[in-house]
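Beneath this line is the structure, given in structure tokens, with notes to follow.
What follows is calculated from the coordinates using simple rules that are stated; it is not laboratory data. On a predicted model such as this, the values are computed, not experimentally measured, just so you know. Ideal geometry is used to build each Cβ from the backbone, glycine not excepted, and the neighbour counts take in all protein chains shown.
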Amino acid sequence: MAVPAPGTKPTRRQDLLAYATLSLISIFCAVPFFWVLLTSFDGNAQLFLHWPDQWTLNNDLKVFTHEDGFRWVFNSLFTVGTATVLVMVLAGLGGYALSRSRAWWKLPFLYSILLIRVLPATALIVPLYKILLTLNNFEGNIVRAIIPAFYTPIMHSIGFIDGYLGLILVLTTGQLPLALWIMKTFFDGLPRDYEEAALMDGATMVQRIRRVLIPLALPGLAAAGLFAFMSAWGDFLLPLILLSSPELQTLPLGLFRAFLRINEIDYGLLAALAFIYLLPAVVAFGFARRFLVQTFAGGVKG
Amino acid sequence: MITLKNVRKFYGPVEVIKNVDITVEAGEFAVFVGPSGCGKSTLLRMIAGLEGIDEGDLILNGQRINDVPPDKRGIAMVFQSYALYPHMTVAENIGFSLSLKKVPQPEINRQVGEVAEILQLTDYLNRRPGALSGGQRQRVAIGRAIIKKPSLILFDEPLSNLDSALRVQMRAELQRLHRELKATVVYVTHDQVEAMTMADRIVVLNSGVVAQVGEPMELYHRPDNEFVATFIGSPKMNVVPVSISRTGPTTLHLESPIGLTLDLPNADPAVITGAGRLGIRPEHLRLVPAGTGNLDAEVAIVERLGVETYLTVGTPEAPIVVRTDGDINTRPGERVSLSVDTAGCHLFDSTGRVIRPAPTA
């Protein structure tokens with residue numbers, strides 16, 4: 001923006017120029033979202049942005065009637081949601097321990113988990129798959145030996161490959177390092193006095209956690225959880241590699257496969273899918289925004 | 001009544017509390033004072049039960065409580081940071097200990113109301129700590145302590161977060177509260193003014209050792225050692241190296257490298273001679289006509305406080321502070337002659353221990 005010299009007011013022309021430039025950049029950034037929104041309600045959807053001739057909800061309906069939309073949404077929400085809850089619990093406990101501990105390995109440990117985080121997941125996918133496959137075969141043999149009749153449904157929920165459990169564990173592991181750092185830093189900024197005051201007041205360990213620590217840590221937990229949710233929600237590679245059964249497909253996989261179909265590209269359906277896929281992230285952001293600002297703007301105010 | 005008997009504490013190989021013996025009588029306002037790192041806060045936390053005691057006994061009302069958990073000791077503590085829970089209202093903060101004990105809500109409300117009355121917090125009960133001023137937060141922290149009806153209240157530098165005007169006001173308020181509640185108080189501070197103004201009894205600590213215990217004026221007039229002598233009192237006591245020689249059966253002659261010579265009459269015959277240190281408070285030095293005093297020196301700094309004026313004389317390496325009348329006309333650079341009031345002299349041996357009985361005029 002045109003920054004006026006101190007003491008002088010910007011002229012009308014400078015103002016106009018600044019706003020025009022900003023508007024142009026904003027429009028450029030907003031167009032894809034706009035396309036998704038318009039096209040998902042367009043009865044005659046096309047690749048190019050245009051004002052719909054007829055407004056319709058058919059595209060969204062198709063996701064849930066022609067396609068297995070409910071299944072995909074459930075799979076996505078269930079795996080990512082469970083992973084997020086796991087991340088929050090583990091990061092809450094672990095972050096507290098890492099903040100209060102004076103162990104010599106604390107810093108090396110924290111840096112090494114950060115290193116895991118910066119390694120591209122794609123590079124690790126083969127060894128990861130190999131390990132999970134070994135575990136899965138071992139587990140499969142046991143399940144087959146004990147209850148062969150329910151082999152498939154059981155393996156779909158607790159299998160390491162092509163099962164919810166495997167995906168949830170890998171998603172959790174992937175999101176945990178950053179969450180641990182967030183929570184460790186958060187607890188670092190939380191004086192021990194709170195806990196000691198509670199101790200003097202006669203609070204047991206459980207009461208200290210439930211009535212003092214969790215309420216105090218809520219902003220940090222919300223931030224850690226939100227980051228985990230958004231990142232895991234956007235993950236595409238892991239479900240692609242780890243899931244193969246159609247009934248385990250998640251939303252991004254559904255979107256991807258709909259796009260890959262050879263005989264037709266239904267832009268309306270794609271846009272509706274994309275819209276549905278966007279929604280939870282936006283809603284999560286809306287919920288956690290308040291805590292996020294608190295966490296990154298100086299922590300708890302006493 | 002609380003007693004510490006031969007109490008010791010180690011952090012690894014470092015002994016931070018060295019054989020401390022202290023007794024605080026019931027109803028007394030005791031202040032632990034000392035420079036930072038002297039172990040006063042550690043000692044307080046040991047009494048509270050937040051730090052373990054490695055050796056010795058901690059006895060509260062006749063019962064050894066070394067291994068009693070903090071909440072079972074009947075001790076309350078006001079933290080330096082106040083540690084008010086930001087997610088609870090003032091009422092919830094004050095009533096937290098009762099609610100943990102599953103006391104019925106109406107009873108909690110009644111007791112919180114009583115405490116709020118004493119502390120003038122009634123209008124703020126539904127506010128969060130974030131919406132209170134520093135002094136109000138301080139009172140909430142006190143409220144959280146006194147609602148437990150403790151036999152002993154511990155204060156850890158409670159006034160250090162307040163501005164100086166509020167500090168003076170809170171000092172008076174704490175004393176009033178102490179009188180009303182008749183509770184035993186152990187109060188930790190690094191500020192000797194707080195110690196002098198509030199304490200029934202002061203415990204001066206230095207590097208984990210009790211330097212001296214006594215009433216405020218006792219410490220002021222009869223310090224046991226150079227540390228207490230210079231720590232208590234503002235401005236500080238002047239201490240200069242002297243060589244002590246005997247000139248008669250009860251008279252001593254002191255000579256200091258800074259140019260001070262002094263004859264002490266009525267000195268105890270047992271007083272050692274040789275190297276020592278002489279302590280003189282600023283109020284025991286007087287300006288006299290040139291050439292008639294014990295010390296001639298140049299004025300370096302003049303500090304006017306209104307009712308009195310402090311002159312710093314001598315070299316920057318060995319400054320001597322003198323208290324004079326507020327209206328004095330002396331300017332920096334002038335030479336002055338100072339006379340020493342022999343009744344206010346303190347003699348220390350080379351290790352800093354006081355040589356007693358000190359000479360009296």
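Reported count of residues in region B:278-322, each being crowded, with 20+ Cβ neighbours inside 10 Å, out of contact with any helix residue (DSSP H, G or I) (no Cβ under 8 Å at 6 or more places or on another chain) and part of a strand (DSSP E or B), is 7. None of B:S164, B:S160 is surrounded by fewer than 18 Cβ atoms within 10 Å (Cβ to Cβ) and either within 14 Å of chain A (Cβ to nearest Cβ) or aromatic (F, W, Y) (or both) except B:S160. Residues in region A:210-268 that are over 22 Å from A:F64 (Cα atoms) and without any contact (Cβ under 8 Å) to a residue 12 or more places away in the chain: A:R210, A:P215. Residues considered: A:L77, A:L24, A:L86. Of these, the only one that is part of a helix (DSSP H, G or I), of a type in the set (A, V, I, L, M, F, W, C), surrounded by fewer than 17 Cβ atoms within 10 Å (Cβ to Cβ) and in contact (Cβ under 8 Å) with a residue 60 or more places away in the chain is A:L77. State whether one or more residues within region A:126-145 are outside any helix (DSSP H, G or I) and of a type outside the set (S, T, Y). Checked region A:126-145: no residue is outside any helix (DSSP H, G or I) and of a type outside the set (S, T, Y).
Within region B:6-24, how many residues are more than 21 Å from B:E215 (Cβ to Cβ) and either without any contact (Cβ under 8 Å) to a residue 24 or more places away in the chain or within 14 Å of chain A (Cβ to nearest Cβ) (or both)?
4
Checking the structure you have, find out if any residue of region A:48-60 is surrounded by 12 or more Cβ atoms within 10 Å (Cβ to Cβ) and under 28 Å from A:G163 (Cα atoms). Checked against the condition, which is being surrounded by 12 or more Cβ atoms within 10 Å (Cβ to Cβ) and under 28 Å from A:G163 (Cα atoms), region A:48-60 yields at least one hit.
Examine region A:170-190 for a residue that is over 30 Å from A:M155 (Cβ atoms), at the interface with chain B (Cβ under 8 Å from one of its Cβ atoms) and either assigned to a helix (DSSP H, G or I) or out of contact with any strand residue (DSSP E or B) (no Cβ under 9 Å at 6 or more places or on another chain) (or both), and state whether such a residue exists. No, region A:170-190 has no match at all.
Given the criterion in contact with a helix residue (DSSP H, G or I) (Cβ under 7 Å, 6 or more places away or on another chain) and either at the interface with another protein chain (Cβ under 10 Å from one of its Cβ atoms) or farther than 30 Å from A:N75 by Cβ (or both), identify the matching residue among A:D193, A:D235, A:D201.
Numbers: A:D193 fails: in contact with a helix residue (DSSP H, G or I) (Cβ under 7 Å, 6 or more places away or on another chain); A:D235 fails: either at the interface with another protein chain (Cβ under 10 Å from one of its Cβ atoms) or farther than 30 Å from A:N75 by Cβ (or both).
The conditions single out A:D201.
Consider A:T122 carefully, then state whether it is away from chain B (no Cβ under 14 Å), surrounded by fewer than 19 Cβ atoms within 10 Å (Cβ to Cβ) and of a type in the set (S, T, N, Q). In short, yes.
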